[in-house]
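The values are calculated or read from the model by the stated rules, or taken from the named source; none is laboratory data. Predicted model, so just to flag it, every value in this text is computed and none were measured. Neighbour counts are summed over all protein chains in view; Cβ atoms, including those assigned to glycine, are modelled from backbone coordinates with ideal geometry.
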Amino acid sequence: MITKLVWENIRFRPVRTLLSVLLIAVPVTLILTLVGLSEGFLSDSARRARGVGADIVFRAKGSSLLSFSGASLQSEFVDLLAKQPHIKQATGVVIYPIGGFDSVSGIDVPAFEKMSGGFVYLQGHGFQKPDDIVIDEYYAEQRKVRAGEKLKVMNIDWTVAGVVEPGKLSHVFLPIQILAEKTASEGMVSQIYLKADSEENVDTAVAALKKKFEEYPIYTMREAISLTSVSNIPLLKNFINVVLGIGVVIGFSVVSLSMYMAVLQRTREIGILKSLGATKAFIMNMILTEALIMGLGGTVFGIILSYITKFTLQKLVPASLPPAIVMSWWPIAGGIAVGAALLGALYPGMLAVRQDPIEALAYE
Amino acid sequence: MNSPIIEVKKLRKVYLQGKVEVEALRGVDLSVPAGEFLSIVGPSGSGKSTLFHIVGGLTPATSGEITVGGSNVSTVGDAGRTELRRKCVSFVFQKFNLLPNLSAGDNIRVAMHISGMKLEFDKRLQELLGLLGIAGRLEHRPSELSGGEQQRVAIARALATNPAILLADEPTGNLDSKNSDAVLKILRDLNEKLGQTILMITHNPDAAAYGHRTVHMSDGQIVDTSFRPE
Ligand SMILES: Nc1ncnc2c1ncn2[C@@H]1O[C@H](COP(=O)(O)OP(=O)(O)OP(=O)(O)O)[C@@H](O)[C@H]1O
Ligand SMILES: [Mg+2]
């Protein structure tokens, strides 16, 4: 019966309810989009890392796996590492950030193609002229260019030689010598990818490398990929926490205000219920049930909206921020929305409970 | 005469309006036997509604002794008064006070739900609805009903929970004479056929004549009691 009462209340004031639901949906969408972006970005990175075809990644002293450090590893290491036990091949890359979440990768083209199995060209061809640049399909879509057209990257005009299938290391490629020249990092690389002679020997190879190059971060690709998850990146984690906080505050205020209005609007009805003998628990139950419904409605609506933001972002910036839908966060975002809604309804609920029935009945 | 179902002794009620004390009731003594249909008349502000609000447990008395349905209402707290409204006393108001969002039937069901009853319309309730002439109007919302129908729904809601006492505060105040007559006849029928104890406030002497007895209030006191000439 309470549910019916609440339901009829909601139906009776659809605009107020809809507005509240919409406003609760905003933080839900915010949270889900942010998490989706992080997840999407990281899974895209992981996919690209896998696409390199390497088994092991070797980095400069003191650099961390997830930071874009400049080229700080002598390129002599490439040949040196190739000679280590169980290592079949080594190739160095220079990674140069170009703002936002994007970076250009300088690759030793033949070695990289050998390790990764080669680019699949959707348009155009490989590097031929010194101003050639190769980009993947996502980046081409994002910058709206086709093979043969000009593209400005790092403030330099390049010609798009080819557009390749995405999923190999990076979205933007240059030959390593050219990138090194433009960024004054000749003879240096950012990291070195290694391929073992066989799958079983990867761990042995890593152990041997770690022994020999003690101070250098060395990961198997499997480790490297498993490290790229949202909770492993402190900055992202903090950012998400801030957004969660904002979500709680918005949800709380919206519901509080909405229920406060509801209690005022319904002063008389609450008085009637009291005159019929409704207990305090009954009134509180009614208000909280309404808040619960709004919280749940906001969650569902927020989830729907997160699909819309995903779609929009995919259209706008497919390469930089490939968003994902992270269902495991639905209950978290929903919990926050519902929790904030219930919390926000408590004070108005108390007001309703405390209302003097005679005054409430006299209320116009 | 039956034993009293309402006993009020030396009842006083003082309202605080800002810093000013308003003495709404100044020593009311009243005894109502079960099964009586009592009319209460008196000028505006004489304390009629206040008396109902205290007897019906909407507000506590300032002093005095009130026994309703065998339990001492003057000493119970907020929860006790809620219990009184839930089980023992029902109100009918001048302004009908139906819940506007709910159909007539659901208005009745809410009251039944609140007093902890099953939500089925049993034979007794069906008879009551028939007597009130609203059996066919239960799906309608209050806004779709005439004033007379709304008041009859309010009476049905009040009596659905089988209260010992019905307190009707100017139940015909918002009705034209035809609907007034209908409602008053219904109240008399309910009293005669079901033995329902009814207290009714009214400004209209003709309406008051429907009761067995009329109590006159003035300035927070009962000044006169007259019986219906048989
Ligand atoms: N909640 C309240 N706060 C302060 N004063 C009140 C309150 N309720 C009633 N009063 C005062 O108590 C007195 C009695 O009021 P009450 O409503 O009982 O009169 P009444 O006989 O029902 O009048 P009416 O015929 O106009 O309905 C009035 O002077 C009124 O102003
Ligand atoms: Mg009155």
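Kindly state which helices (runs of 4 or more DSSP H) lie completely within the stretch A:207-316 and contain at least 3 residues that are within 14 Å of another protein chain (Cβ to nearest Cβ).
Fully inside the stretch A:207-316 and qualifying: A:267-275, A:280-316.
List the residue pairs whose Cβ atoms are under 7 Å apart, where the first residue sits in the stretch B:84-107 and is more than 8 Å from every other protein chain (Cβ to nearest Cβ) and over 25 Å from B:Ser71 (Cβ atoms), the second is among the charged types (D, E, K, R) and part of a loop (DSSP other than H, G, I, E, B), and the two are 6 or more positions apart or on different chains.
Qualifying pairs under 7 Å: B:Gln94/B:Glu170; B:Ser103/B:Glu139; B:Ser103/B:Arg141; B:Gly105/B:Glu139.
If I ask for residues that are within 15 Å of ligand 1 (Cβ to nearest atom), part of a loop (DSSP other than H, G, I, E, B), more than 13 Å from chain A (Cβ to nearest Cβ) and touching a helix residue (DSSP H, G or I) at 6+ places or on another chain (Cβ under 9 Å), which ones from the stretch B:1-59 would you list?
Passing the criteria: only B:Gly42.
Could you please give the count of residues in the stretch A:99-115 that are more than 28 Å from the chain's Cα centre (by Cα), outside any loop (DSSP other than H, G, I, E, B) and surrounded by fewer than 22 Cβ atoms within 10 Å (Cβ to Cβ)?
Final tally of qualifying residues: 5.
Check the stretch B:56-75 and report whether any residue there is in contact (Cβ under 8 Å) with a residue 24 or more places away in the chain, in contact with a Pro (Cβ under 6 Å, 6 or more places away or on another chain) and either surrounded by fewer than 17 Cβ atoms within 10 Å (Cβ to Cβ) or of a type in the set (A, V, I, L, M) (or both).
So far as the stretch B:56-75 goes, yes, one or more of its residues are in contact (Cβ under 8 Å) with a residue 24 or more places away in the chain, in contact with a Pro (Cβ under 6 Å, 6 or more places away or on another chain) and either surrounded by fewer than 17 Cβ atoms within 10 Å (Cβ to Cβ) or of a type in the set (A, V, I, L, M) (or both).
Within the stretch A:268-287, work out how many residues are crowded, with 19+ Cβ neighbours inside 10 Å and under 46 Å from the mean Cα position of the chain (by Cα).
5
Quick one: would you say A:Thr17 is within 14 Å of chain B (Cβ to nearest Cβ) and of a type in the set (Ser, Thr, Tyr)?
yes
Conditions (1) assigned by TED's automatic domain parsing to the domain that holds A:Lys211; (2) in a helix (DSSP H, G or I), marked per residue:
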position	(1), (2)
A:Arg11	no, yes
A:Leu19	no, yes
A:Leu23	no, yes
A:Thr29	no, yes
A:Leu34	no, yes
A:Phe77	yes, yes
A:Gly92	yes, no
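As an exercise: evaluate B:Leu99 against (1) assigned to a loop (DSSP other than H, G, I, E, B); (2) within 15 Å of the chain's Cα centre (by Cα); (3) more than 15 Å from ligand 1 (Cβ to nearest atom) and give the number of the one condition it does not meet.
(2)
Could you list, in sequence order, the residues of the stretch A:348-360 that are in a helix (DSSP H, G or I) and near ligand 1 (Cβ under 10 Å from one of its atoms)?
Correct list: A:Ile358, A:Glu359.
Go through the residues of the stretch B:212-221 one by one and say whether even a single one is within 16 Å of B:Gln151 (Cβ to Cβ) and more than 16 Å from ligand 1 (Cβ to nearest atom).
No.
Any residue at all in the stretch B:115-128 that is within 21 Å of B:Pro171 (Cβ to Cβ), within 11 Å of chain A (Cβ to nearest Cβ), touching a Lys or Arg at 6+ places or on another chain (Cβ under 8 Å) and surrounded by fewer than 17 Cβ atoms within 10 Å (Cβ to Cβ)?
No, the stretch B:115-128 contains no residue that is within 21 Å of B:Pro171 (Cβ to Cβ), within 11 Å of chain A (Cβ to nearest Cβ), touching a Lys or Arg at 6+ places or on another chain (Cβ under 8 Å) and surrounded by fewer than 17 Cβ atoms within 10 Å (Cβ to Cβ).
Where in the stretch A:116-202 are there strands (runs of 3 or more DSSP E), lying wholly inside it, with at least 2 residues that are assigned by TED's automatic domain parsing to the domain that holds A:Ser72 and among the β-branched types (Val, Ile, Thr)?
Fully inside the stretch A:116-202 and qualifying: A:132-136, A:156-164.
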